[in-house]
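A.B. asks: One structure, pasted below without further comment.
The values are calculated or read from the model by the stated rules, or taken from the named source; none is laboratory data. Because the structure is predicted, anything quoted here is derived from the model rather than measured. Neighbour counts run over all protein chains shown; Cβ positions are idealised from the backbone, glycine included.
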Amino acid sequence: MILFRTPLFAAALAASTFLTACETKPATATEVGSPTAEPAADSAAAPVAPSAATEASTTPAPDPNSIPAGSIADAATITARPQVPILCYHQIRDWRAKDSKGAKDYIVPVQKFRDQIKMLADSGYHTVLPDQLHAYLTTGAKLPSKPIMLTFDDTDLDQFTVARPTLEKYGFKAVYFIMTVSLGRPNYMSKAQVKQLSDEGNVIGSHTWDHHNVKKYQGQDWVTQIEKPTKTLEEITGKKINYFAFPFGLWNQQAIPELKKRGFVGAYILAEKRDPIDPLFTIRRIIASGYWTPRTLHNSIVQSF
């Protein structure tokens, strides 16, 4: 059966219910350990100046396709490098009465999101983007102090209307993994908004057409779910799309050569273990839970990476 012929999107296009985009349960407060001695999570220190954060976020990184094959480290070396913390966000909105307990892991209330981002700035984190991470992993290129990557999945409108101005306040940049079936629909971003994010120095990545599980792809699914959506994003941004995020964080080894054939240089999963053969295509992230205080988020970052 061809996956893309299944009924499309009753769930996929309802902002209040399409929450399982990266459905691997994040660590709970009890799973991340007791508070660390580092005071940054609840610190009253002044935020990092936007100019400093911006400088760190825009450190020049080479086009990943320009790095000579002979300069790229082997898989064991890449895996051995200290991991850079990467957060995965979905919806940024206040909880509603109909939101389930599980859904609230994927919905971060507006003020809680602002508090989490402020904590990162107060703690001295500097956002990095995928080209910087790729250069670091493959060649050992230097990163700014306390690097962190912020990623957003599924094209939700609140990522533009709420998250974007919050990140701008601290000079932070982010990666937006776009599901193209939703573009222009109610409660989702428009093509113009995606282009604006790209033009402002954020990175746009591919997240399939309508979020089907990559582990189930066969035949034409690779064209429908990967090739066409990626081409659409390249037309919108005027830039090559080099990075992919697996829906639900689910992947298999058969998917990796298919992604490589289609020009991707890296792919992102969730909290599972990386593939020792292709660590660049199984880069780990953790979901930033809607339940987490800034301190809990801080502790989870420390414990998870």
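A.B. asks: Do we have any residue at all in the stretch 267-283 that's closer than 25 Å to LYS104 by Cα, part of a loop (DSSP other than H, G, I, E, B) and modelled with pLDDT of 95 or more?
C.D. replies: Yes: the stretch 267-283 contains one or more residues that are closer than 25 Å to LYS104 by Cα, part of a loop (DSSP other than H, G, I, E, B) and modelled with pLDDT of 95 or more.
A.B. asks: For the stretch 288-298, state whether one or more residues are of a type outside the set (Asp, Glu), modelled with pLDDT of 95 or more, crowded, with 22+ Cβ neighbours inside 10 Å and assigned to a strand (DSSP E or B).
C.D. replies: The answer is no; no qualifying residue exists.
A.B. asks: State which residue is surrounded by the fewest Cβ atoms within 10 Å (Cβ to Cβ) when the search covers only the stretch 118-163 and only residues that are of a type in the set (Ser, Thr, Tyr) and part of a helix (DSSP H, G or I).
C.D. replies: THR161
A.B. asks: When you scan the stretch 219-252, how many residues do you find that are in a loop (DSSP other than H, G, I, E, B), of a type outside the set (S, T, N, Q) and on the phi < 0 side of the Ramachandran plot?
C.D. replies: So the count comes out to 6.
A.B. asks: Could you list all residues from the stretch 171-211 that are surrounded by fewer than 19 Cβ atoms within 10 Å (Cβ to Cβ) and in a loop (DSSP other than H, G, I, E, B)?
C.D. replies: Matches in the stretch 171-211: GLY184, ARG185, PRO186, ASN187, SER190, GLU200, GLY201.
A.B. asks: Something else about it: When the residues of the stretch 210-236 are narrowed to those that are in contact (Cβ under 8 Å) with a residue 24 or more places away in the chain and aliphatic (A, V, I, L, M), which ends up farthest from LYS191 (Cα to Cα)?
C.D. replies: Only one residue fits best here, namely VAL214.
A.B. asks: From the list ILE256, ILE236, ILE226, ILE241, which one is more than 24 Å from GLN159 (Cβ to Cβ), among the β-branched types (Val, Ile, Thr) and surrounded by 15 or more Cβ atoms within 10 Å (Cβ to Cβ)?
C.D. replies: Matching residue, one of ILE256, ILE236, ILE226, ILE241: ILE256.
A.B. asks: Moving to a separate point now. For the stretch 266-279, what are the residues that are buried (at least 20 other Cβ atoms within 10 Å of the Cβ) and under 19 Å from ASP153 (Cβ atoms)?
C.D. replies: GLY266, ALA267, TYR268, ILE269, LEU270
A.B. asks: Hey, among the residues in the stretch 174-189 that are under 16 Å from GLN91 (Cα atoms) and among the hydroxyl-bearing types (Ser, Thr, Tyr), which one's nearest to the chain's Cα centre (by Cα)?
C.D. replies: That would be TYR176.
A.B. asks: If you check ARG285, ARG274, ARG262, which single one turns out to be touching a strand residue (DSSP E or B) at 6+ places or on another chain (Cβ under 6 Å) and of a type in the set (D, E, K, R)?
C.D. replies: After applying the criteria, what remains is ARG285.
A.B. asks: Count, please, the residues in the stretch 267-305 that happen to be among the hydroxyl-bearing types (Ser, Thr, Tyr) and either within 19 Å of ASP131 (Cβ to Cβ) or under 12 Å from the mean Cα position of the chain (by Cα) (or both).
C.D. replies: Within the stretch 267-305, residues that are among the hydroxyl-bearing types (Ser, Thr, Tyr) and either within 19 Å of ASP131 (Cβ to Cβ) or under 12 Å from the mean Cα position of the chain (by Cα) (or both) number 2.
A.B. asks: Quick test of your reading of the structure: ALA52 fulfils all but one of (1) part of a helix (DSSP H, G or I); (2) at pLDDT 50 or above; (3) surrounded by fewer than 18 Cβ atoms within 10 Å (Cβ to Cβ). Name the failing condition by number.
C.D. replies: Failing condition for ALA52: (2).
A.B. asks: Within the stretch 290-305, how many residues are of a type in the set (S, T, N, Q) and farther than 10 Å from GLN116 by Cβ?
C.D. replies: Within the stretch 290-305, residues that are of a type in the set (S, T, N, Q) and farther than 10 Å from GLN116 by Cβ number 4.
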